[in-house]
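Here's the structure we're looking at; comments come further down.
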Amino acid sequence: MSIDRRTLFRNAALMAPALIAGRAFATPAASDTRLLVVFLRGAYDAANVVAPTGSDFYAQSRPTIGLKKPDPADPTAPLPLDADWSLHPALKDSIYPLWQKQEIAFVPFAGTDDMTRSHFETQDTIELGQPIGGHRDYQSGFLARTAVALGQDKPISFTDQLPLCFRGGPIIPNITLNNIGKPAIDPRQAQLIESMYKGNALGPSVHEGFEVRDTVTQALAQEMVAANRGAVSAKGFELSARRIGRLMRDQFNLAFVDVGGWDTHVNQGGATGYLAGRLGELGRGLAGFVDEIGPEDWTKTTVVVVSEFGRTFHENGDKGTDHGHGSVYWVMGGSVRGGRIAGPQVTLSQATLNQGRDLPVLTDYRSLIGEIVARRYGLGTDKMQAIFPGIAPSQLDIV
């Protein structure tokens with residue numbers, strides 16, 4: 001029997017998730033419980049996503065980029081969550097319906113006790129899930145330890161390479177979602193444009209303009225690219241999220257995906273602009289995931305959205321925000337006790353900011369994820385201590 005090239009490539013693509021690192025994975029039956037961790041690399045500005053619009057201090061701290069108070073007559077206004085908090089309008093059609101159905105909860109003042117404000121160190125801190133101050137075992141990530149505790153061979157990572165959080169456990173498949181886009185004007189097009197002005201009085205200015213563009217673009221992108229660590233863009237996640245939902249619905253029960261592009265030092269924007277665009281893509285991706293996994297399996301699924309740290313509460317001189325501390329985490333699922341702002345809070349003022357600049361951390365990410373894992377998978381104290389040593393699960397009753 002002959003097989004044409006198209007069929008061969010199609011079959012190879014279908015088999016790719018099951019053939020990683022020289023190991024064959026049988027397609028397991030769908031588990032009753034699924035957990036997806038979404039890591040926003042680059043430190044997203046949580047205070048402009050779940051914004052404390054009830055606070056005058058917020059408006060004073062962000063005169064350019066801050067969101068307005070909710071206003072049903074204004075399509076650019078944020079959406080009310082309660083008397084104190086509002087949701088960014090870019091999430092109106094994707095995440096807000098989940099809030100209305102009580103299928104998402106937000107946990108403000110969440111994060112780590114890592115005070116380095118380094119993308120790399122704090123990302124490592126989260127992925128390792130180990131106490132700060134002692135020896136770090138870079139071959140023991142918290143999701144790997146979770147997979148060992150579960151004793152089920154159904155984890156998967158949707159990343160460019162195996163992430164730190166899955167190191168040290170069973171060998172798992174990882175599937176890259178990254179697609180590298182082309183710049184608006186590539187070098188060949190730039191050369192053609194320059195040749196059009198060659199010998200013209202504008203020629204030197206055109207050449208200099210392209211040089212300045214390349215220099216500025218490289219300078220602004222360098223830190224973000226590094227902070228992303230190969231994570232898929234928000235647009236790439238939007239395009240791939242349904243595939244993630246399909247695979248988790250049919251095959252896998254423990255998954256990780258990272259999404260980059262959140263390091264907004266310059267021209268962050270408010271209700272519109274750069275951050276709003278990325279949020280729209282992220283929200284549509286998550287909504288597509290929910291739709292693809294289906295209503296029955298959505299009740300058995302929990303999605304946790306985290307980031308390495310938040311950003312400065314006060315906007316900077318470049319209409320952006322810098323590296324901060326506390327963040328806002330999202331917990332989504334068909335059986336999540338949502339429609340509420342969960343966890344301890346503090347009234348925002350200059351005096352209550354961490355070091356006078358950041359949101360403080362009142363909920364440790366390990367205790368939050370620990371509560372979700374313990375309750376969803378029915379794990380006891382011994383196994384939870386193996387996953388997050390020295391940390392007790394929180395009692396937020398989100399799941």
Exercise. Is it true that Ala386 is touching a Ser or Thr at 6+ places or on another chain (Cβ under 8 Å), closer than 23 Å to Gly151 by Cβ and surrounded by fewer than 17 Cβ atoms within 10 Å (Cβ to Cβ)?
Worked result: no
Exercise. Residue check, Phe252 against (1) at pLDDT 95 or above; (2) in contact with a strand residue (DSSP E or B) (Cβ under 6 Å, 6 or more places away or on another chain), all met but one. Which one?
Worked result: (1)
Exercise. Just checking, how many residues over segment 377-389 are over 22 Å from the mean Cα position of the chain (by Cα) and outside any loop (DSSP other than H, G, I, E, B)?
Worked result: 7
Exercise. Is it true that some residue in segment 76-92 is of a type outside the set (Gly, Ala, Ser), modelled with pLDDT under 95 and in a loop (DSSP other than H, G, I, E, B)?
Worked result: yes
For this session: Take Ile95 and decide whether it is more than 26 Å from Lys319 (Cβ to Cβ) and either polar (S, T, N, Q) or touching a helix residue (DSSP H, G or I) at 6+ places or on another chain (Cβ under 6 Å) (or both).
Result: no
Exercise. Here are some conditions: (1) at pLDDT below 95; (2) in contact with a Ser or Thr (Cβ under 9 Å, 6 or more places away or on another chain). Asp32 meets all but one. Which one does it not meet?
Worked result: (2)
For this session: Find the residue count for segment 128-151, including only residues that are in a loop (DSSP other than H, G, I, E, B) and either surrounded by 17 or more Cβ atoms within 10 Å (Cβ to Cβ) or of a type in the set (Asp, Glu) (or both).
Result: 5
Exercise. Of all residues in segment 51-74, which are surrounded by fewer than 16 Cβ atoms within 10 Å (Cβ to Cβ) and charged (D, E, K, R)?
Worked result: Asp56, Lys69, Asp71, Asp74
Exercise. Taking Asp318 and the conditions (1) outside any helix (DSSP H, G or I); (2) acidic (Asp, Glu); (3) under 22 Å from the mean Cα position of the chain (by Cα), which numbered condition does it fall short on, given that it satisfies the others?
Worked result: (3)
Exercise. Across segment 339-376, which residue is nearest to Asp56 (Cα to Cα) among those that are in a loop (DSSP other than H, G, I, E, B) and β-branched (Val, Ile, Thr)?
Worked result: Thr347
For this session: Please find, within segment 261-283, the residue that is surrounded by the fewest Cβ atoms within 10 Å (Cβ to Cβ) out of those that are among the aliphatic types (A, V, I, L, M) and assigned to a helix (DSSP H, G or I).
Result: Ala276
For this session: Go through segment 239-280 and give me each residue that's under 16 Å from Arg41 (Cβ atoms) and among the charged types (D, E, K, R).
Result: Asp258, Asp263, Arg278
Exercise. Quick check: anything in segment 269-279 on the phi > 0 side of the Ramachandran plot and assigned by TED's automatic domain parsing to the domain that holds Leu162?
Worked result: yes
For this session: Take segment 284-311 and flag every residue that is touching a His at 6+ places or on another chain (Cβ under 8 Å) and assigned to a strand (DSSP E or B).
Result: Arg311
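The values are calculated or read from the model by the stated rules, or taken from the named source; none is laboratory data. Predicted model, so just to flag it, every value in this text is computed and none were measured. Heads up, the Cβs are rebuilt from the backbone with ideal geometry, glycines too, and the neighbour counts pull from every protein chain shown.
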